[in-house]
Amino acid sequence: MQGAPFVALRNVTRQWHGRGGVADVSLEVGKGDFVSILGPSGCGKSTLLRIIAGLETPQSGTVHISGRDETHVQASRRGLSMVFQSYALFPHLTVRENVLFGMRVRRAPAREREAKLAEATAMLGLEGLERRKPSQLSGGQRQRVALARAVVSGHPLCLMDEPLSNLDAKLRHSVRRDIKALQRRLGLTVIYVTHDQTEAMSLSDTIVLMREGRVEQIGSPQALYAAPETIFAAEFVGEPPMAMVDGAALGAPDTWVGIRPEHLSVATEGKADLIGLVREVEYLGAETHIVVDHDAARGLIVSATGHADWRPGQTIELTLPAKHRVLFDADTGRNKKDPQQNCGASHRQTEPRDSHTAHHPQSVTD
Ligand SMILES: Nc1ncnc2c1ncn2[C@@H]1O[C@H](COP(=O)(O)OP(=O)(O)O)[C@@H](O)[C@H]1O
Ligand SMILES: [Mg+2]
């Protein structure tokens, strides 16, 4: 990101009776960036997005958009569009009327409306569907109508809250590509909420990983993958996730040793770091996942290229190459190396590192 941030949150807190919501969140979004807010259900993603939208007011902290303090500006005056999981289309209006609703309210001239409609329907493959009602559309088409509405609004900032959750797997992929293409083509700034790390990884310039209302790590997808700052980040990002081995089993006490599945390998004669038992073998075509049980490890999965000839119950000897091990302090859960020195310029932190501790004082109940 260059220059002043387009969207900036500073120490934003919004809780209910001292719990839930978000606490002390700071982040910056550059113009034209695609930023995902990622985290498990209930970690405060929607609350954060609603604060940016102006649908929720923080108890403390500020929201700046385009350099202006918008903390107390109402949603309709913030110049942004929103796309929700639930589409939020008017059921009694046609595709055309839904897409043009905002322009009609603004009394935009008919010629401009027609031009915008044609552009948006072409961009999202909705031509020929203009006179249908939402009930006559598939889920994917409905979400494309919601996207077309955001395009037509002409706002440079688009907030999306789990927009793909109601779609089946195949559609999720194609609409995901539509969203990315749209963002690139229009130069939109997108803030995108998801609990799905694959979506966040594939779409984002920057990921804001959240946990229990707080920021766990902010960084590029590569930074989160290669240099997770905490065990939580290591296990949340990546599929299958990073394996965690009790360092005592590897001669590194008081440490958890993390390793990605593609870096685990089957040991050659006598060079094993761990000897485990094959529990499950999943053949996926391009690769095979060998799920391994070991008393000192969790999430131990070897990702082998192509077909790997293993059967449940077999003994398997594994090597964890030293250069691919990520070491975490067993007490704090934090990466023992400073990841900022590790993973290059794309990593950016908007707060002092000490402010995100591994153990949060309050617990959040769903
Ligand atoms: N209006 C509200 N009143 C009380 N608690 C709320 C309210 N909105 C959200 N919360 C709580 O705040 C936490 C975060 O919610 P939310 O932002 O919706 O999480 P996410 O979108 O990550 O699933 C949850 O524990 C939720 O129950
Ligand atoms: Mg939510």
When you check residue 258 against the structure, is it crowded, with 18+ Cβ neighbours inside 10 Å, in contact with a strand residue (DSSP E or B) (Cβ under 6 Å, 6 or more places away or on another chain), in contact (Cβ under 8 Å) with a residue 12 or more places away in the chain and within 24 Å of residue 202 (Cβ to Cβ), yes or no?
yes
Evaluate the following for residue 76: is it at pLDDT 90 or above and assigned by TED's automatic domain parsing to the domain that holds residue 214?
no
Consider residue 292 carefully, then state whether it is more than 30 Å from residue 39 (Cβ to Cβ), touching a strand residue (DSSP E or B) at 6+ places or on another chain (Cβ under 9 Å) and at pLDDT 95 or above.
no
Could you tell me how many of the residues in region 192-203 are away from ligand 2 (no atom under 16 Å from the Cβ) and of a type in the set (S, T, N, Q)?
2
Would you confirm whether any residue within region 126-137 is out of contact with any Ser or Thr (no Cβ under 7 Å at 6 or more places or on another chain), charged (D, E, K, R) and away from ligand 2 (no atom under 16 Å from the Cβ)?
no
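Listed here are the residues, each with its yes/no results for (1) within 16 Å of ligand 2 (Cβ to nearest atom); (2) in contact with a Cys (Cβ under 8 Å, 6 or more places away or on another chain).
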{"site": "152", "(1), (2)": "no, no"}
{"site": "160", "(1), (2)": "yes, no"}
{"site": "181", "(1), (2)": "no, no"}
{"site": "190", "(1), (2)": "no, yes"}
Would you check if there is a residue in region 54-66 being at pLDDT below 95, of a type in the set (Val, Ile, Thr), more than 23 Å from residue 219 (Cβ to Cβ) and away from ligand 2 (no atom under 16 Å from the Cβ)?
no
Consider residue 226 carefully, then state whether it is surrounded by 24 or more Cβ atoms within 10 Å (Cβ to Cβ) and of a type in the set (A, V, I, L, M).
no
Considering only strands (runs of 3 or more DSSP E) wholly within region 232-321, the ones with at least 3 residues that are within 30 Å of residue 212 (Cα to Cα) are 243-246, 255-259
Within region 161-200, count every residue that is farther than 25 Å from residue 28 by Cβ and either polar (S, T, N, Q) or at pLDDT 95 or above (or both).
3
Being assigned to a loop (DSSP other than H, G, I, E, B), under 30 Å from residue 13 (Cβ atoms), within 16 Å of ligand 1 (Cβ to nearest atom) and assigned by TED's automatic domain parsing to the domain that holds residue 178 narrows it down to one residue among 42, 61; which is it?
42
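The values are calculated or read from the model by the stated rules, or taken from the named source; none is laboratory data. Fair warning: this is a prediction, and the values are worked out from it, not measured in the lab. Positions of Cβ are generated from backbone atoms using ideal geometry, with glycine treated the same way; all protein chains shown enter the neighbour counts.
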